[in-house]
Amino acid sequence: MDLADKEALKATVGEADIVVDATRVGMGDLADQSNLEQEWMRPGQMIVDTTYIPVITELLRRAEAAGATPITGLTMLVAQGALGEKIWFGVDMPIDDVKRDVFKDLK
């Protein structure tokens, strides 16, 4: 999707139940920016930002304010780690323990 086409982006976000932003907007020199406007989001949606530094991005702040469910990039990172452990070492990572430890200071 062309992020410059705001009307198409707004319509697509409005129709979606899950929205994933896999751009670098929200981190580094773009940390104060978001590709999506808060008014495009709604309760019942899951808004995922694959950025994990910072953990809570502008996109996720907007999602929470709109009543949507914000999902951080750390969630994806933990899932990738679990898959890597299974592939490389043949073991199941204790994902609940890792999530608890990773997310303990984020509340």
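The values are calculated or read from the model by the stated rules, or taken from the named source; none is laboratory data. The structure presented is a predicted model; accordingly, all values stated were derived computationally and were not measured. As a convention, Cβ positions derive from the backbone with ideal geometry for all residues, glycine included, and neighbour counts pool all protein chains shown. In case anyone asks, the SASA skips ligands and DNA or RNA and just uses the protein heavy atoms, side chains included. Shrake-Rupley method; radii C 1.70, N 1.55, O 1.52, S 1.80 Å.
Overview of values
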quantity	calculated
D (Stokes-Einstein, µm²/s), Kirkwood Cα radius, the range 1-61, 1.567 mPa s at 4 °C	110
Low-density loop positions, trypsin sites (Lys or Arg not before Pro), the range 1-63 - DSSP coil, at most 14 other Cβ in 10 Å	Arg24
log10 of Debye I(q)/I(0), alpha-carbon scatterers only, for the chain at 0.15 Å⁻¹	-0.68
Accessible surface of the chain, 1.4 Å probe, proportion on carbon and sulfur as whole %	57
Förster radius 22 Å - calculated FRET efficiency between Ala31 and Val98, Cβ distance, rounded to 0.05	0.30
Low-density loop cleavage sites - GluC sites (Glu not before Pro) in the range 1-53, where at most 14 other Cβ are within 10 Å (DSSP)	Glu37
The chain, relative contact order in percent, only Cα pairs under 8 angstrom and at least six apart counted	20
Residue-wise HN-Hα coupling along the range 4-9, computed from phi with Karplus coefficients 6.51, -1.76, 1.60 (Hz; x: Gly, Pro)	6, 8, 4, 5, 5, 5
Point-to-point label distance, Thr23-Ala11, nm (Cα→Cβ direction, 7 Å offset)	1.9
Theoretical gain in end-to-end length, Gln38 to Lys86 [0.36 nm per residue, Cα-Cα removed]	13.5 nm
